[in-house]
Amino acid sequence: MNRFIILCFASTFAFAQPEKARREILIAQDVRDSRALSTFLSHKNPDVRSFAAFACGSVQDTLHAHLLVNLLSDKDYHVRTASAFALGQMNSVIDSTRRASLSSALTKRLAIEQSRHVALRIVEALGKVGDEMSLNVL
């Protein structure tokens, strides 16, 4: 009986953590708190990383760019999808140097991406933040 209670408590705690993180991400997104959002991009739970990456697309802060580029290699395809989406949303806030860097990172990831769904999001992102070099690759 005690094992059952402990197991129930442990599973409830495991499910509560991502929900608490989601609430905190939504608050950070609403008040555009980039630093708070960036802490969730390295969360151990892929659902939290994915949710945070998607929120970064709305905030459009270049502070997240290098973190989102790193997430393009995440083992969870939802995280990679959200990261590609968020990078594409940075079109209006990046300069030509950052555009070239993001375009290169997205193009390199596209060449090795196994998930068709993620690849489509990368192509979409390249359509927004890509440069002439990525157009040639496409």
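The values are calculated or read from the model by the stated rules, or taken from the named source; none is laboratory data. Values in this document were obtained by computation on a predicted structure and should not be read as measured data. Methodologically, a virtual Cβ is constructed for each residue, glycine included, from the backbone with ideal geometry; neighbour enumeration extends over all protein chains shown. Calculation scope for accessible area: heavy atoms of the full protein, side chains included, ligands and nucleic acids excluded. Shrake-Rupley method; radii C 1.70, N 1.55, O 1.52, S 1.80 Å.
Worth a mention:
- Residues that are of a type in the set (K, R), crowded, with 21+ Cβ neighbours inside 10 Å and under 17 Å from D47 (Cβ atoms) do occur in region 72-88, at least one of them.
- Failed criterion for L120 (all others in (1) modelled with pLDDT of 95 or more; (2) in contact with a helix residue (DSSP H, G or I) (Cβ under 7 Å, 6 or more places away or on another chain) hold): (2)
Conditions (1) in contact with a Gly (Cβ under 9 Å, 6 or more places away or on another chain); (2) modelled with pLDDT of 95 or more, marked per residue:
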site: C8; (1), (2): no, no
site: Y77; (1), (2): no, yes
site: A82; (1), (2): yes, yes
site: D95; (1), (2): no, no
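- Considering only residues in region 100-109 that are out of contact with any Gly (no Cβ under 9 Å at 6 or more places or on another chain) and within 18 Å of A53 (Cα to Cα), the one that is least open to solvent (accessible area, probe 1.4 Å) turns out to be A105.
- Against the numbered list (1) touching a residue at least 12 places away in the same chain (Cβ under 8 Å); (2) open to solvent by 60 Å² or more (accessible area, probe 1.4 Å), Q114 comes up short only at (1).
- Members of region 99-132 that are touching a Lys or Arg at 6+ places or on another chain (Cβ under 9 Å) and not in a helix (DSSP H, G or I): E113, S115, G130, D131
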